[in-house]
Amino acid sequence: MAEEATAQEFDILILGGGSGGYAAALRSVELGFSVGLIEKGKLGGTCLHNGCIPTKALLHSAEIAENAKTAEKYGIKATFDSVDMNAVNTYKDNIIAGKFRGLQGLIKSKGITVIEGEGRLTSEKTIEVNGRTYTGSNIILATGSYSRSLPGLEIGGRVITSDQALTLDYVPKSAVILGGGVIGVEFASVWNSFGVDVTIVEGLPSLVPNEDAAIIKNLERAYKKRGIKFSTGIFFEKVEQNDDGVVVTLADGKTFEAELLLVAVGRGPVTANLGYEEAGLTMDRGFVITNERLHTGVGNVYAVGDIVPGLQLAHRGFQQGIFVAEEIAGLKPVVVEDVNIPKVTYCEPEIASVGLTEAKAKEKLGADNVQVQEYNLAGNGKTSILGSSGLIKMVREKDGPIIGVHMIGGRIGEQIGEAQLIVNWEAYPEDLAGLLHAHPTQNEAIGEAAMALAGKPLHG
Ligand SMILES: Cc1cc2nc3c(=O)[nH]c(=O)nc-3n(C[C@H](O)[C@H](O)[C@H](O)COP(=O)(O)OP(=O)(O)OC[C@H]3O[C@@H](n4cnc5c(N)ncnc54)[C@H](O)[C@@H]3O)c2cc1C
């Protein structure tokens, strides 16, 4: 009993074992710190259990369904019969289970102390878990996010979020998806491939509204072609549900009927009742406000991941976790601005982007100081082989570096690696134009766009 009451002390105490928290833990032990990692659910958090990994597994099953449907075009005799959701879920859950085992093993092997239970910040140096107080010379908050809804829109029954959508054991006949952002368009893509009659309702004027206008136009055209319906520019008013389905009403009185309503209107920070305000942290609509070095301004308390305003992405969480561990170690890591974080939306066709859109670049630098080049993937051999289409758009500061790369096309997400190096290393199109891109790859299209922007197009 006496031992139970003893506080445990760590150099770094981390609240939340998702992408941000566990990356901070791993980098911290590498730097020689003792680490306590508090997790109330499963290590790996949203990304591994309810986010990136399960959705991408579903999207891969969807790609296989599409391949079966279009096999004949490529000279292969196959037929698309049906979707066995139990088998899809088994495939998805096996991936998660494997990665979960791997992560648990990694964390254990590094000597990180995992503290199971729900933690609450009780001072700038202490967190209480299951009635026991743990002390950290430094504290990193990484409690993540949850699926938000709208005021008055209750989740339950036929009104679901991505959490329930990921565990459905049947394929609905029809669905309305509220929200045309990343999660909304990804589920629309999966369900359309599975044979669901999908309608997206987005209050803003377009799908994926944060992307470049050329990408938006291309995606909307592709979705229309795929038979994915969408209503944009009119806000959701209400939903009624009964035994057979839901009726969704928009602000202009228009209604949509479907078997399910998926609410995909964004993610809220998990920060309520965790002692953050009491400890003196600055909060804004539930988010933890930090300086650019992720310090909260209170003691040695830092925050990372989805609770910090900005892009809610797993790799941002990883990077912020690593950043804070290095900051605590005095290594003065370099800040990566949110705009230069690579983003991929894994719908079909995929969207990948980094840096400023044309509109944002013109807003920032003035229209005369921005040069833009679009390269149509119709000219790219590998894209044609894959039966896809799309474009790459490069934005450069006039006679200066490339400040934005925006891409859409089947499998184009894999090209984000070079795009993010280009933007973050401030490459000039002239630098790139002299380098080689292997043929035939989709990667060549990045080279082609750069060559065109440098004034010496090859196939453009
Ligand atoms: C459907 C969906 C698809 C997504 N797809 C992608 C994608 O393809 N690519 C991408 O980059 N991002 C994607 N994301 C976003 C990504 O999952 C998040 O940005 C990422 O998980 C955030 O990491 P985090 O560490 O901040 O929070 P989380 O991963 O949410 O982890 C927070 C952890 O803290 C724990 N916790 C919370 N409160 C407490 C407490 N009081 N005590 C103890 N533990 C606590 C939770 O149990 C959780 O494990 C997706 C998200 C969703 C929902």
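Before moving on, here are some points about what is shown:
- Candidates per GluC sites (Glu not before Pro) in the stretch 280-368, loop by DSSP, up to 11 other Cβ within 10 Å: Glu292, Glu337
- Relative to the longest principal axis of the Cα atoms of the chain, the long axis of helix 85-109 makes an angle of roughly 40 degrees.
- Net charge dipole size for the chain [Lys, Arg +1 and Asp, Glu -1 on Cβ; Debye, nearest 20]: 700 debye
- The stretch 24-178, Cα convex hull volume normalised per residue, Å³: 175 Å³
- Volume per residue for the stretch 350-460 equals 83 cubic angstrom (convex hull of Cα atoms).
- Computed FRET value (nearest 0.05) for His295 with Lys217, which takes r as the C-beta separation and R₀ as 41 Å: 0.50
- Modelled spin labels at Leu365 and Val336, positioned 7 Å past Cα toward Cβ, are 2.1 nm from each other.
- Nearest 10 degrees, 0 to 90: helix 314-328 Cα axis against the chain principal axis: 40 degrees
- The stretch 392-432, accessible surface, carbon-and-sulfur percent (1.4 angstrom probe): 45 percent
- Each of Lys99 and Thr133 was given a label point 7 Å from its Cα along the Cα-to-Cβ line. The distance between the two points is 3.8 nm.
- Take the Cα radius of gyration of the stretch 158-209 and divide it by 2.2 N^0.38 Å, N being the number of residues; the result is 1.08.
- Taking max minus min of the alpha-carbon positions on each principal axis, the stretch 122-171 gives extents of 49, 27, 20 Å, largest first.
- Unsatisfied cross-links (Cα-Cα over 29 Å) in the set Lys69/Lys238; Lys56/Lys224; Lys92/Lys217: Lys69/Lys238; Lys92/Lys217
- For the chain, the direction-averaged projected area of the alpha-carbon convex hull comes to 24.8 nm².
- Gyration tensor verdict on the stretch 383-426 (Cα atoms; rounded if a/c is under 1.5, prolate if a/b is larger than b/c, oblate otherwise): prolate
- Note on exposure: Tyr74, Tyr22, Tyr91 ranked by accessible area (1.4 Å probe, complete protein assembly) read Tyr74, Tyr91, Tyr22, with the most exposed listed first.
- Cα extents for the stretch 310-412 along the principal axes, largest to smallest and rounded to whole angstrom: 49, 35, 20.
- For the stretch 7-109, the calculated P(r), taken from all Cα-Cα distances in 10 Å bins from zero up to the bin holding the longest distance, is 14, 33, 23, 15, 11, 4, 1 percent.
- One Cα centroid belongs to the stretch 153-212, the other to the stretch 416-433; the line between them spans 34 Å.
- Over the Cα atoms of the stretch 111-255, the radius of gyration divided by the Kirkwood radius equals 1.12; this is the Rg/Rh ratio.
- Positive-end residue, the stretch 1-119 charge dipole about Cα centroid, Cβ charges, pick of Asn67, Gln104, Ala87: Asn67
- For the stretch 4-63: accessible area per residue (Å², 1.4 Å): 35 Å²
- As a ratio to 2.2 N^0.38 Å, the alpha-carbon radius of gyration computed for the stretch 50-98 takes the value 1.30.
- Low-density loop positions, chymotrypsin sites (Phe, Trp or Tyr not before Pro), the stretch 130-206 - DSSP coil, at most 14 other Cβ in 10 Å: Tyr170
- Cα-based radius of gyration for the stretch 250-382, normalised by 2.2 N^0.38 Å, reads 1.43.
- Accessible surface of the stretch 243-363, 1.4 Å probe, proportion on carbon and sulfur as whole %: 50 percent
- Each principal axis of the Cα atoms in the stretch 97-155 has its own extent, and those three values, largest first, are 45, 37, 20 angstrom.
- Computed P(r) (all Cα pairs; the stretch 189-281; 10 Å bins; percent): 13, 36, 29, 14, 8, 0
- Placing R0 at 25 angstrom, the Cβ-Cβ distance between His439 and Asn67 gives a FRET efficiency of 0.55 after rounding to 0.05.
- Crossing angle, helix 444-453 versus the chain [Cα axis fit, 0-90 degrees, rounded to tens]: 80 degrees
The values are calculated or read from the model by the stated rules, or taken from the named source; none is laboratory data. In this text, all values refer to a predicted model and were calculated from it rather than measured experimentally. Backbone-built Cβ (ideal geometry, glycine too); neighbour counts: all protein chains shown. Note: areas computed on protein heavy atoms with side chains; ligands, DNA, RNA excluded. Shrake-Rupley method; radii C 1.70, N 1.55, O 1.52, S 1.80 Å.
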